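Here's the structure we're looking at; comments come further down.
The values are calculated or read from the model by the stated rules, or taken from the named source; none is laboratory data. Fair warning: this is a prediction, and the values are worked out from it, not measured in the lab. Using ideal geometry, Cβ is built from the backbone for each residue, glycine included, and neighbour counts are taken over all protein chains shown. We work out accessible area using only protein heavy atoms, side chains counted, and drop any ligands, DNA or RNA first. Shrake-Rupley method; radii C 1.70, N 1.55, O 1.52, S 1.80 Å.
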Amino acid sequence: MSQYVRLRRAARTFSITAAGMLLGACGGGGGDSGAHAGPASFAAAPVPTTPPASATPPTTPAPAPFHAPSPSPTPGALRVGPGQTYATPCAAFAAANHGAIIEIDAAGSYAGDVCAIARNNLTIRGVNGRPRIDAAGRNAMGKGVWVVQGANTTIENVEISGAKVADRNGAAIRLDGRHLTLRGSYLHDNENGILTSNDGVSDILIEHTEFANNGHGDGYSHNLYIGHVASLVFRYNYSHDARVGHNLKSRAQSNTITYNRFSSNGTGAPSYEIDLPNAGLAYVIGNVIQQPAGNQNPNMLSFGAEGATNTRQELYVVNNTFINDASSGSFINVGGSVSTAILVQNNVFAGPGAVTNQSSATQRTNYQGTSPGFVDRASYNLVPHSTSPLRNAGSAPGAGAAVSLAPTSEYRHVAGVASRVASGQIDIGAYEAP
């Protein structure tokens, strides 16, 4: 077991100085971990400072399920693949102007195609299936597969794997620029799925994406590692089986984590399922959060464990379904420097363990026990059955920071979403019985 994991077990809080040291070790800070390429020879467009409109609060109506882009080529797009203008994605990135659309045909072979992406306002998407980019032992700038340096980049429908670098922080997508949208993708078997810098201003939206088996295995790398940015919206995703690290780690000032599944298929041994080490403003609504028997840390959701250094200290945990398959543990761990009472309402806490270690927490109409009455726990059909104690047992969620806390959607596997029906008094948990 690594020293990091032993420390996490022994002490749940860190000093601000130690937290800074940890972030530097994890590569999530502003510092760079490898050799740098020189600046690209083009006139950079001004870096936008306005957050992308997609970074919306949890009350936004659920969009239609994500579908891969149409095989019909987009007029004006730079096309990549067999018989196309560009043989590889990186060749297209280098040729692109700001605002370009780049379409990558899944029929191509792109092993070892690693590079920086320097233009602003790019849309990069896979077509005719989901193209696969495997690092194949290579890396860009000592950082990973795609190093995003531009602003307002959108990436859709790609599969990226195999990111490994000398400092063990190789990322499928390394964000060194500002503002990122990722959707409909699959990032697996990297040292980090996503790793960002600490610019303090970026807004990041991730939806309809699967993260699996990322992490070097030493506890310092994760399925996702979001640094000190302005906001993260993480919705309709499936993050599972991080190797020793966390299924989601975010130091963002604001985190909106809604309608996702965090779990294990037995191929990884994660630590926290969700780690928000510096507190902030956080909404955790409508998620399925499962801790496997084989894990590296008994806590499932952690808030402020490395020092509540973000501007706010507000955590709203509403209508989630927590399942602890370990023999012990706790569901919500709150760091000692968090002075604001968290809200815990309408959640299922199935399995052993304390709900939270925060004595001042506001707890309303939650279920804790071993017989929640799911339709089929083994297949993750977590809808309450006809005699379940969860049915019509919740209370109406209010608002947090002027945002409605009422769940409007439900997670659908894999990395999908559906509207949550209204059927009498609200049910406890992430799913409503019809």
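Provide the gained length on full extension for the span S72 to T267, in nm with one decimal, where the gain is 0.36 nm per separating residue minus the Cα-Cα distance.
My answer for the length gained is 66.5 nm.
Would you please put 393-404, 411-422 in order of how densely packed they are, using the mean number of other Cβ atoms within 10 angstrom per residue and starting with the highest? If you can, show how the numbers build up before the last one.
Details: 393-404: 14.6, 411-422: 16.2.
Descending mean neighbour count gives 411-422, 393-404.
Search the structure for amide H atoms under 5 Å from the amide H of I133, placed 1.01 Å from N in the peptide plane, and list their residues when 5 or more places away or on another chain.
Hits under the 5 Å cutoff: E159, I160, S161.
Note down the nm distance, to one decimal, between modelled labels 7 Å out along Cα→Cβ at R138 and at S109.
1.3
Below 14 angstrom from the Cβ of P69, what's the summed charge of the other residues (Lys, Arg +1; Asp, Glu -1)? List each step's numbers first, then the result.
On the way: positive: R79, R125, R130, R183; negative: E103, D105, E156.
Overall, the nearby charge balance is +1.
Rounded to whole Hz and in sequence order, give me ³J(HN,Hα) for region 247-260 from the Karplus expression 6.51 cos²θ - 1.76 cosθ + 1.60, θ = phi - 60°, writing x for Gly and Pro.
Per-residue couplings from phi come out as 6, 8, 10, 9, 9, 4, 5, 10, 10, 10, 10, 9, 6, 10 Hz.
Along region 215-226, what does the Karplus equation 6.51 cos²θ - 1.76 cosθ + 1.60 (θ = phi - 60°) give for ³J(HN,Hα), rounded to whole Hz, x for Gly and Pro?
After applying 6.51 cos²θ - 1.76 cosθ + 1.60, I find x, 6, x, 10, x, 9, 9, 9, 4, 9, 10, 9 Hz.
Can you bin region 78-157 into rounded, prolate or oblate? Criterion: square roots of the alpha carbon gyration tensor eigenvalues sorted a ≥ b ≥ c, rounded for a/c under 1.5, prolate for a/b above b/c, oblate for the rest.
Working: a/c = 1.63, a/b = 1.05, b/c = 1.55.
It is oblate, given that a/c is not under 1.5 and a/b is not larger than b/c.
Say R0 is 56 Å: what FRET efficiency, to the nearest 0.05, do V375 and N97 get from their beta-carbon distance?
After rounding to 0.05, the efficiency reads 0.60.
Length gain on complete extension for the stretch A401 to Q84, per 0.36 nm per residue less the alpha carbon to alpha carbon distance?
109.1 nm
Expressed in nm to one decimal, what extension gain is obtained for the pair R364 and V421 from 0.36 nm per residue of sequence separation less their Cα-Cα distance?
Numbers: separation 57, 0.36 × 57 = 20.52 nm, distance 2.14 nm.
Answer, rounded to one decimal: 18.4 nm.
Given R₀ = 30 Å, what would the calculated FRET efficiency be for S386 paired with R312, taking r from the Cβ atoms and rounding to 0.05?
On the way: r = 41 Å, r/R0 = 1.38.
After rounding to 0.05, the efficiency reads 0.15.
Please compute the volume of the convex hull spanned by the alpha-carbon atoms of region 320-423 and report it per residue in Å³. Show your work: numbers first, answer last.
Working: hull volume 13.8 nm³, N = 104.
That works out to 133 Å³ per residue.
Would you please calculate the Kirkwood hydrodynamic radius of region 115-174 over all C-alpha pairs and express it in Å, rounded to one decimal?
Hydrodynamic radius (Kirkwood, Cα only) of region 115-174 equals 11.9 Å.
At 1.4 Å probe size, with every protein chain present, just tell me what the per residue accessible area of region 64-198 comes to in Å².
34
How large is ³J(HN,Hα) for each residue in region 364-373, as worked out from phi by the Karplus curve 6.51 cos²θ - 1.76 cosθ + 1.60 (θ = phi - 60°), to whole Hz, x for Gly and Pro?
10, 6, 9, 10, 10, x, 10, 10, x, x
Under 5 Å between amide hydrogens, which residues at least 5 positions from I226 or on another chain qualify, with H placed 1.01 Å from N in the peptide plane?
K249, S250, R251
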